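**Student:** First the structure, which I've put down as C-alpha cells, then a few questions once you've had a look.
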Amino acid sequence: VGESLEVIAEAAPEGAWIQDVASLQRRPLDLAREVGLSERYVSAHPMVGSHRSGYAGSSDDLYLHAPVWLSHRGAASGVQAAAQRLWDTVGAECEWVDATEHDARMVLVSHLPQVVAVELARTIASRGRGVDELGPGGRDMTRLAASNPRMWTDLFAESGPEVAAALRELIERLAGMAEAVEAHEVERIRDAFVEAGAWRGE
C-alpha cells in the first residue's frame, strides 16, 4: 500500500482526491499522511459482498442500502463532500467514523466470524462429513470458509493481536458451553440461547 500511495502522490493531478476501499482504515490513513496525501484522502469500507471474489461476486445492486464507513485524517471539506456524494449516488448509507474505532469494530463484526467459519468447517471436515450433508444452519455458518485466503492473511497480519484476543474470549465461552452441555445444565444452556436471541432481536 505504501509504495502505491507514493506513486499516486507523484502522479495524481492537482485537485484530484483519492479514496481507497479497504477493510481496515488506520494503516492506509497513516501511510497517506506519510506521503502528504491527508488533505486529499478518504478511506472507505463498504460492508458488502460475500465469500466470492472478483467479477463473479458482483451485482448491480451491490451498494444499495449498504453501510459504508468513511474515515479521514484532515481531508479537506470538499474532499469529504465528494466522497459522500459518490456513495450517495450508488445508494449506500454512509457514516463517518474514527479509523481506530472502525478497525476495532471490524475485529469483532467481521474478522472473528471469518475465523469461526473457517475452524467450524475444518472441524466438520475432520470428522469425515461433507458439505452436502449440511443443513441450512451449517451452510450459513460455513459459507465464509470459502473466502479468499490471501485477502484474509493480509488482514490478519494487520489485526492479528486483536483477533487473537477476541478468539481467546470466544474459546472461554465455548469451553463454558461444553461444560454445560456435558453436565446437562439445561438452565445455563437456555440462558445462553435467550441472551443471544435477545441480542439478535429474534
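**Student:** Report yes if Glu169 is open to solvent by 70 Å² or more (accessible area, probe 1.4 Å), touching a helix residue (DSSP H, G or I) at 6+ places or on another chain (Cβ under 6 Å) and closer than 16 Å to Pro113 by Cα, otherwise no.
**Tutor:** no
**Student:** So in segment 69-106, with the set limited to residues that are in contact with a strand residue (DSSP E or B) (Cβ under 7 Å, 6 or more places away or on another chain) and among the β-branched types (Val, Ile, Thr), which one is nearest to Ser38 (Cα to Cα)?
**Tutor:** Val79
**Student:** Do you know which residues across segment 109-135 are under 23 Å from Arg73 (Cβ atoms) and surrounded by 13 or more Cβ atoms within 10 Å (Cβ to Cβ)?
**Tutor:** Passing the criteria: Ser110, His111.
**Student:** Could you tell me which residue of segment 172-202 is least open to solvent (accessible area, probe 1.4 Å), considering only residues that are among the basic types (Lys, Arg) and either over 26 Å from the mean Cα position of the chain (by Cα) or closer than 21 Å to Glu119 by Cβ (or both)?
**Tutor:** That would be Arg188.
**Student:** Any residue that is assigned to a strand (DSSP E or B) and surrounded by fewer than 16 Cβ atoms within 10 Å (Cβ to Cβ) - is there at least one of those in segment 75-90?
**Tutor:** No, every residue in segment 75-90 fails to be assigned to a strand (DSSP E or B) and surrounded by fewer than 16 Cβ atoms within 10 Å (Cβ to Cβ).
**Student:** Filter segment 39-51 for residues that are open to solvent by 20 Å² or more (accessible area, probe 1.4 Å) and either at pLDDT 95 or above or touching a Gly at 6+ places or on another chain (Cβ under 9 Å) (or both) and give the result.
**Tutor:** Hits for segment 39-51 are Glu39, Arg40, Gly49, Ser50, His51.
**Student:** Does Thr153 count as farther than 17 Å from Leu120 by Cα, β-branched (Val, Ile, Thr), out of contact with any strand residue (DSSP E or B) (no Cβ under 9 Å at 6 or more places or on another chain) and free of Cβ contacts under 8 Å to residues at least 40 places away in the same chain?
**Tutor:** yes
The values are calculated or read from the model by the stated rules, or taken from the named source; none is laboratory data. It should be emphasised that the depicted structure is a prediction, and the values quoted were computed from it without experimental measurement. Every residue, glycine among them, receives a Cβ derived from its backbone with ideal geometry; neighbour counts consider all protein chains shown. For the accessible areas, the whole protein counts, side chains as well, though only heavy atoms, and no ligand, DNA or RNA atoms are used. Shrake-Rupley method; radii C 1.70, N 1.55, O 1.52, S 1.80 Å.
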